[in-house]
Structures are given as C-alpha cells and as structure tokens.
C-alpha cells in the first residue's frame with residue numbers, strides 16, 4: 001500500500017509539475033516574454049499603431065482622416081487607439097521599449113520628451129519630404145521645435161480670445177458690439193455688468209456693482225447674481241496672466257523670471273478682484289458653477305459675461321447654449337501703448353516615439369495629416385483652424401465659428417505667446433498655480449508668493465540645466481545620427 | 001528529505017511558481033530597485049545616475065514635502081480614531097437583537113462597495129458650498145456651512161468626513177469578532193451585576209482587542225497612503241495645497257516631473273514612517289491585547 005501511494009504520488013507529481021510549469025510559462029507570457037503580435041494586416045499591410053487622446057467628435061474627426069489615409073494607399077494601415085493620460089502612458093511605453101508608432105501629445109510635452117530622449121527627431125524625414133517652416137504659421141512650427149531640431153508636426157492648433165456675452169453687455173447699457181480695448185476698460189465694464197443682491201432699507205434689491213455706495217463696496221455685504229469678469233474663470237491660465245502686462249516667466253536661457261516687476265503688476269491686478277468683490281462672495285458664487293462641458297458652465301449659463309477661452313469654446317456654445325449671443329475678440333493688454341493685445345498659442349502634435357517599430361511609415365501618416373486637405377478636414381471636424389500657413393478660402397468661408405478669423409489673425413500676429421518651452425514647465429506651472437491661489441485667497445502678497453516660486457523653481461532649474469549642459473553635446477550628436 | 005519529499009516540494013513550487021514569478025518580478029524587484037533609484041537622478045528614460053543622498057537632502061529642505069506630510073498626518077490623526085470608534089459603535093449596534101438586522105448590516109456596509117471615483121464625484125456635490133446637500137441640511141438648523149472644497153480650513157475635514165462614510169469594511173470585521181465573544185462571559189458578568197457599559201468595557205473590548213489592533217494597523221497604513229479621493233477631488237492639492245497628501249505629491253514627482261529618484265526616496269521615507277508607527281502601535285498595545293490561544 002505504501003508503494004502504491006508513493007507511486008501514485010510520483011505519477012501525480014510529474015503531471016502536477018508539468019501543469020505547474022505550464023501555468024508558469026503562461027504567466028511569464030503575460031510578462032512580455034512572448035512574441036509580439038504581428039505588425040501586418042491579413043492582406044500584408046504594415047500596421048502603424050497610433051495613440052491619440054481625443055474622444056467624441058474630436059476623435060471622430062481624426063478617425064475620418066485615418067480612414068482616408070488607409071484608403072489612399074495599400075501599403076500602410078493606421079490603427080488608432082484612444083488612450084487617456086496619453087503623455088504618461090507614452091512615457092512608460094517608451095521607457096519600456098514598446099511604444100506606439102505615432103502618438104498625439106500636447107506641444108508642451110515636446111521639450112521634456114525631446115531632452116529625455118523619448119522622441120525621434122524628424123529633421124531627416126522633413127528634408128526628404130520637402131516640408132519646411134514656411135509651410136506653417138510660425139508659432140506652431142516653433143512649438144514643435146527644440147534645441148534646433150523638429151520633434152513633432154502640429155495636428156490641431158488653438159489660440160485664446162476674449163469671449164463676451166452680448167446680451168449681458170446690452171442689459172448693462174454697454175454697446176454689445178464693442179468689447180473692451182484695455183485691461184482697465186475690461187475692469188470698468190466688468191463692474192458695470194456685475195449684478196449683486198444687497199440689503200437696502202430692510203429689502204433685498206439687485207443693483208449693478210458700479211452703483212453700490214462706497215460703504216457697501218467696503219463692507220462687501222452682498223451676494224453676486226452674475227459677474228462681468230473674474231480672472232480665475234475658467235482658471236486654466238492663472239500662471240500666465242503676466243503676459244498681458246509684458247511679463248515673461250523665463251528668459252529663454254538660464255533664469256526664471258517669475259518675480260519680475262511686470263509679473264508682480266499682473267498679480268496685483270489678479271488680486272484686485274477678491275479685494276474688490278470679496279473673497280467669500282466670489283467663493284460662494286464660484287461654488288454655483290457646473291462642469292466646464294455642461295450647460296451649467298458659468299459662461300454658457302450667463303453667470304459670467306467675459307472669459308478668456310480657446311477656439312474650442314465654439315463647440316461647447318454650439319452644443320450646450322446655441323441661443324447664446326456671443327462674440328470673440330483679442331483679449332486686450334494692460335498697456336495698450338506698447339502692444340494692443342496678447343494671445344497664447346497651444347497646439348496638439350503628432351510625434352514618433354523613440355524606438356517605434358515603423359518610424360518611416362509613421363512619418364508617412366504624419367505627413368499625410370499635414371497635407372492641406374487632410375489638415376483642413378481634421379480642423380474643420382474639430383472646428384479649429386489650420387496651423388498651415390496657407391488655408392483654402394473655402395475653409396474660412398465655410399467654417400461654422402463666425403469668429404474663426406480672429407483666432408487665425410491672432411496666431412499670425414506678433415502678440416502671440418506660448419508657455420515657456422522648457423522641460424521644467426510642469427514644475428513652474430504648478431508652482432505658479434499654487435502662488436496664484438495664495439494671492440487670490442489673500443494669504444500672500446504677489447511679491448511674497450512670486451518670490452517663493454522664483455526661489456523654488458530657480459533652484460530646480462539650475463540643477464536641471466547643469467545636468468543638461470553636461471550631456472547636451474552628446475545628445476545633439478546622437479540626434480544628428482538618428 | 002526523502003526523494004519523495006523533494007519531489008513534492010518541486011511539485012508544490014511548480015504550482016505556486018506563477019505567484020513566485022509575479023512576486024519576484026512585480027513586487028520584490030521593483031521594491032529593491034526603488035531603494036537604488038532613491039539614491040539616483042532617474043527620469044525613467046535615461047540610465048539612473050548615482051547622486052548619493054541628494055534626493056533625501058532635497059526632500060527634507062522642500063517645504064511642500066513637509067506640507068504634504070503634515071496634511072497626511074492631520075488626516076490620519078483624525079480619520080483613524082474616528083473610523084475605529086464609529087465602525088465599532090455601528091458594529092455593536094448591529095450586533096443587537098433588532099428587527100431587520102441583515103438589512104441594516106447591508107445598508108451600513110453598502111458605501112464601502114461604491115467605487116472610490118464614483119463616491120468622490122458624489123462627495124464633490126454633497127460638499128458643494130452653494131448647492132451641496134450638506135450645507136442645505138446645516139441651513140435647516142440655522143447654520144451657514146463653509147465652502148468645504150474651496151476654503152483651505154475645510155478641505156481636510158471634508159476628506160476626514162468622507163473617510164467615515166467608508167467604515168463598512170472594518171465594521172464587518174468587528175461584527176465577526178463580536179459574534180465570537182462567548183455568551184457565558186456576558187452571563188457571568190450579568191450575575192456579578194455588571195451594567196451594559198461595564199460589560200462592553202470589561203468583556204467586549206478585551207475579547208475583540210486583536211481585531212481592534214488589526215483595524216488600527218490597517219488604518220494607519222491606509223490613512224498614510226490615502227491617494228484616490230484627494231487626487232480626484234483636489235488634483236494638484238486644492239486651495240493653498242491644503243489637500244496635497246503625501247502619496248499625491250509622490251505621484252506628482254514621479255509622473256508629472258519625471259523625478260523618479262525623488263519619488264522613490266519619498267516612498268521609502270513613507271515606508272519608514274509607517275513601519276515606525278506600526279512598531280509603536282504594536283509596542284504600546286501589546287499588554288492590552290488578549291489572545292485566547294495564549
């Protein structure tokens with residue numbers, strides 16, 4: 001009996017071991033030790049994997065271009081995959097040696113990913129294809145370049161403009177067709193539009209902010225019904241209000257300039273809003289705002305009359321508040337004798353991650369997207385404008401956004417700015433957001449808050465720069481070889 | 001060992017090899033590698049460069065690091081005892097012979113089944129300063145509620161309040177322990193003339209002390225690692241970074257700033273803190289824990 005048990009144990013053991021090993025192999029397969037999936041379609045076309053962040057109508061617009069490309073030739077098949085948090089996922093996929101062939105990032109990713117060696121320089125491909133800077137509106141070409149190399153080509157661009165509510169202007173006795181032409185005028189108009197509820201002679205009455213008594217303004221005992229303007233709505237550009245006052249956040253070389261006099265002036269203006277309308281009043285009023293992409297958006301629900309917004313805003317007006325009477329114009333500067341307005345240009349870009357299996361084919365697709373018909377189809381689908389230097393007349397004429405020409409003109413103007421094209425923008429941006437928050441909450445003066453940013457980021461900047469200067473020549477030589 | 005035992009060992013190892021491989025590749029190796037990275041300048045893309053203690057020095061001179069640690073400790077100090085006491089109270093109540101007991105148990109356990117993202121979104125609305133139901137209820141009793149999410153004084157209390165909502169998990173563990181307390185101890189106490197309070201303090205608490213200890217240790221670990229809710233609700237840290245928690249700042253350094261070395265150093269400091277607090281908790285509670293088997 002003992003013998004039988006041992007034998008059966010042995011037989012069972014061998015079988016068990018085999019099953020165990022099979023399980024182990026299966027598990028190892030999941031660790032990436034198996035053969036990668038085929039990079040060919042059934043009919044032999046090379047598959048180019050393309051990761052993109054867009055969903056909804058923006059994703060559909062790009063899918064239509066991808067489909068056109070796939071139909072236009074029989075050698076390459078682009079497989080588009082929608083990926084959330086695409087910059088982080090692309091970073092990890094690239095570091096892991098298994099990136100997509102094309103990725104749709106944001107232009108602010110370019111400097112950091114280029115310096116970290118995560119992107120393929122496109123110069124050689126561009127030369128072969130005959131694509132040059134002259135083909136693009138200059139700012140968008142610049143956004144794709146870093147350290148003398150081109151790392152990306154634009155997909156869809158954007159500039160920012162003042163969006164104003166014409167009905168609220170009219171109701172406040174202002175000319176609905178005349179937006180403000182300076183920051184001072186914007187502040188005055190905002191006071192005239194702002195409606196507050198205040199107690200007078202035991203009764204709650206609604207009056208314009210500009211009609212409040214000096215005492216009522218001082219005590220700030222009122223509720224805001226609607227606002228003319230507040231610089232924290234939507235709050236996405238709090239770090240860069242200095243641009244409208246002539247400030248820069250970085251000197252382009254070795255210094256952060258967060259505490260420059262111009263920036264301090266800008267944040268004094270920024271802080272004038274909670275000082276004027278009352279921090280608690282603004283907070284209570286702000287709590288009533290709904291999500292950006294909803295009918296409760298404060299601009300769409302006519303709670304705020306003026307906002308700095310991008311070219312994409314038209315889509316949300318069209319979807320959630322088609323009845324809104326609105327206009328778009330350049331957002332005026334503080335010192336109009338020096339420059340009349342400022343806009344910020346942003347851009348979605350297409351890149352080829354380093355280590356992509358089909359870089360050549362990937363570039364063919366990027367090149368196709370950057371042809372005029374494909375680019376105009378994409379940008380029309382997303383209701384933006386084309387980053388190409390030449391746009392067809394039909395594109396502007398047929399564009400559903402009646403103010404699209406404003407955004408194009410601003411992009412071509414000398415008053416266009418971008419966020420600092422440095423790998424440390426994320427750190428600087430986060431620190432500026434925190435500083436703006438402390439300033440708006442009246443916790444610190446602009447000088448105190450901006451000096452903290454200056455100190456913190458300059459320290460980090462110096463460290464990064466020192467490291468970069470050590471490897472710069474080696475990196476550039478490496479990029480030339482690629 | 002005999003040949004047979006060797007074989008059995010081989011079979012056993014072969015069967016658990018998927019787990020062993022997974023543990024080595026996805027837990028042990030990353031953990032050990034992160035010790036090394038914490039002494040390096042490492043951005044994931046390029047090779048790590050040894051910089052000695054620089055990450056640790058930078059960390060200890062970084063005001064934001066201290067703020068995130070303070071926020072996390074503040075949260076832990078309040079949410080942990082509150083969670084322990086409330087979940088125990090609910091468990092004791094649900095252990096009484098009341099009608100529809102299973103229904104109440106389900107209701108109290110239900111919130112801990114709600115996905116954390118969904119509950120965070122709901123809380124964003126509950127705590128809304130103007131339209132939130134919490135301020136509406138406070139208004140009914142004549143109180144003006146604060147702007148929970150926009151006022152830096154109230155962001156951490158908001159999160160502590162939310163943590164209480166999810167005590168269902170520890171409540172179930174308490175319930176299991178409460179049902180295990182021998183009835184005869186209560187009967188003896190009753191004969192000795194003990195009141196309900198005395199029975200609770202002198203019978204229930206000692207008998208379930210190992211479970212309280214377990215919930216305490218798990219609570220310390222959970223509270224110091226809190227991430228999802230503050231990240232979803234406050235992103236970069238909320239007003240004046242008042243809701244910037246340790247794990248969120250660690251994540252920011254790793255994935256926003258590509259400072260993997262710094263983030264690894266932060267992770268190890270957190271490990272040491274948790275290890276130390278767990279050790280302190282074990283040392284100080286040792287004499288008060290009753291194990292029936294000892």
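Among the conditions (1) within 14 Å of chain B (Cβ to nearest Cβ); (2) modelled with pLDDT of 95 or more; (3) in contact with a helix residue (DSSP H, G or I) (Cβ under 8 Å, 6 or more places away or on another chain), the only one that residue A:301 does not satisfy is (3). If only one of A:422, A:452 is within 14 Å of chain B (Cβ to nearest Cβ), surrounded by 21 or more Cβ atoms within 10 Å (Cβ to Cβ) and within 25 Å of residue B:256 (Cβ to Cβ), which one is it? It is A:422. Might you let me know whether region B:22-32 holds any residue that is more than 21 Å from residue A:88 (Cα to Cα) and over 32 Å from the mean Cα position of the chain (by Cα)? No - not one qualifying residue is present in region B:22-32.
Given the structure, is residue B:261 in contact with a strand residue (DSSP E or B) (Cβ under 7 Å, 6 or more places away or on another chain) and either buried (at least 23 other Cβ atoms within 10 Å of the Cβ) or closer than 19 Å to residue B:223 by Cα (or both)? Against the criterion (in contact with a strand residue (DSSP E or B) (Cβ under 7 Å, 6 or more places away or on another chain) and either buried (at least 23 other Cβ atoms within 10 Å of the Cβ) or closer than 19 Å to residue B:223 by Cα (or both)), residue B:261 qualifies. Based on what the data block shows, is residue B:13 more than 8 Å from chain A (Cβ to nearest Cβ) and part of a helix (DSSP H, G or I)? Against the criterion (more than 8 Å from chain A (Cβ to nearest Cβ) and part of a helix (DSSP H, G or I)), residue B:13 does not qualify. Residues that are away from every other protein chain (no Cβ under 11 Å) and more than 23 Å from residue B:271 (Cα to Cα) within region B:16-36 are absent altogether.
Yes or no, residue by residue, for (1) under 24 Å from residue A:53 (Cβ atoms); (2) assigned to a loop (DSSP other than H, G, I, E, B):
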| residue | (1), (2) |
| --- | --- |
| A:316 | yes, no |
| A:322 | no, yes |
| A:348 | yes, no |
| A:373 | yes, no |
| A:376 | yes, no |
| A:414 | no, yes |
| A:423 | yes, yes |
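Find the residue count for region B:125-143, including only residues that are in contact with a helix residue (DSSP H, G or I) (Cβ under 7 Å, 6 or more places away or on another chain) and at the interface with chain A (Cβ under 10 Å from one of its Cβ atoms). Counting residues in region B:125-143 that are in contact with a helix residue (DSSP H, G or I) (Cβ under 7 Å, 6 or more places away or on another chain) and at the interface with chain A (Cβ under 10 Å from one of its Cβ atoms) gives 4.
Only one entry in A:442, A:428 is touching a residue at least 60 places away in the same chain (Cβ under 8 Å), crowded, with 20+ Cβ neighbours inside 10 Å, in contact with a helix residue (DSSP H, G or I) (Cβ under 8 Å, 6 or more places away or on another chain) and over 21 Å from residue A:150 (Cβ atoms), namely A:428. Residues of region B:94-111 include none that is part of a helix (DSSP H, G or I), at pLDDT 95 or above and over 30 Å from residue A:470 (Cα atoms). Residues that are surrounded by fewer than 23 Cβ atoms within 10 Å (Cβ to Cβ), within 18 Å of the chain's Cα centre (by Cα) and more than 11 Å from chain B (Cβ to nearest Cβ) within region A:87-114 comprise A:106, A:108, A:111, listed in sequence order.
Residues being within 14 Å of chain B (Cβ to nearest Cβ), without any contact (Cβ under 8 Å) to a residue 40 or more places away in the chain and within 30 Å of residue A:145 (Cβ to Cβ) are represented in region A:220-235 by at least one member.
On inspection, residue B:42 does not qualify as in contact (Cβ under 8 Å) with a residue 40 or more places away in the chain, more than 12 Å from every other protein chain (Cβ to nearest Cβ) and at negative phi.
From the list B:167, B:201, the one residue that fits, being touching a residue at least 24 places away in the same chain (Cβ under 8 Å) and either within 25 Å of residue B:279 (Cα to Cα) or away from chain A (no Cβ under 14 Å) (or both), is B:167. You will find that of A:344, A:317, the residue that is touching a strand residue (DSSP E or B) at 6+ places or on another chain (Cβ under 8 Å), more than 14 Å from chain B (Cβ to nearest Cβ) and either surrounded by fewer than 18 Cβ atoms within 10 Å (Cβ to Cβ) or within 21 Å of residue A:400 (Cα to Cα) (or both) is A:317 and no other. Go through the residues of region A:272-281 one by one and say whether even a single one is at pLDDT 95 or above and buried (at least 22 other Cβ atoms within 10 Å of the Cβ). Among the residues of region A:272-281, at least one is at pLDDT 95 or above and buried (at least 22 other Cβ atoms within 10 Å of the Cβ), which makes the answer yes.
Quickly run through region A:117-146 and pick out the residues that are part of a helix (DSSP H, G or I) and either on the phi > 0 side of the Ramachandran plot or more than 20 Å from the chain's Cα centre (by Cα) (or both). Answer for region A:117-146, where residues must be part of a helix (DSSP H, G or I) and either on the phi > 0 side of the Ramachandran plot or more than 20 Å from the chain's Cα centre (by Cα) (or both): A:123, A:124, A:125, A:126, A:127, A:128, A:129, A:133, A:134, A:135. Only residues that are more than 13 Å from chain A (Cβ to nearest Cβ) and at pLDDT 95 or above were counted across region B:231-262, and they come to 4.
Looking for whichever is at pLDDT 95 or above and either farther than 27 Å from residue B:124 by Cβ or within 14 Å of another protein chain (Cβ to nearest Cβ) (or both) here; the options are A:331, A:285. Which one fits?
Going through A:331, A:285 in turn, the sole match is A:331.
Among the residues in region A:169-176, are any more than 26 Å from residue A:333 (Cα to Cα), buried (at least 18 other Cβ atoms within 10 Å of the Cβ) and touching a strand residue (DSSP E or B) at 6+ places or on another chain (Cβ under 9 Å)?
So far as region A:169-176 goes, no, none of its residues is more than 26 Å from residue A:333 (Cα to Cα), buried (at least 18 other Cβ atoms within 10 Å of the Cβ) and touching a strand residue (DSSP E or B) at 6+ places or on another chain (Cβ under 9 Å).
Here residue A:84 meets each of (1) within 14 Å of chain B (Cβ to nearest Cβ); (2) under 22 Å from residue B:46 (Cα atoms); (3) in contact (Cβ under 8 Å) with a residue 12 or more places away in the chain with one exception, condition (2). Scanning region A:114-162 for residues being farther than 26 Å from residue A:355 by Cβ, free of Cβ contacts under 8 Å to residues at least 40 places away in the same chain and in contact with a helix residue (DSSP H, G or I) (Cβ under 6 Å, 6 or more places away or on another chain) gives a total of 1. Each residue in region A:258-282 was checked for being in contact (Cβ under 8 Å) with a residue 40 or more places away in the chain and away from chain B (no Cβ under 14 Å), and 16 pass.
In region A:25-46 there is no residue matching the filter, namely being away from chain B (no Cβ under 14 Å), within 30 Å of residue A:385 (Cα to Cα) and modelled with pLDDT of 90 or more. In region A:381-407, which residues are assigned to a helix (DSSP H, G or I) and in contact (Cβ under 8 Å) with a residue 24 or more places away in the chain? Passing the criteria: A:381, A:404, A:406, A:407. Taking the options B:189, B:150, B:176, name whichever one is out of contact with any helix residue (DSSP H, G or I) (no Cβ under 7 Å at 6 or more places or on another chain) and either more than 24 Å from residue B:219 (Cβ to Cβ) or in a helix (DSSP H, G or I) (or both). The unique qualifying residue is B:176.
When residue B:65 is tested against (1) at pLDDT 95 or above; (2) within 11 Å of another protein chain (Cβ to nearest Cβ), only condition (2) is not met.
The values are calculated or read from the model by the stated rules, or taken from the named source; none is laboratory data. Treat the numbers as computed from the prediction; the structure is a model and nothing was measured. We place every Cβ from the backbone using ideal geometry, glycine too, and count neighbours over all the protein chains shown.
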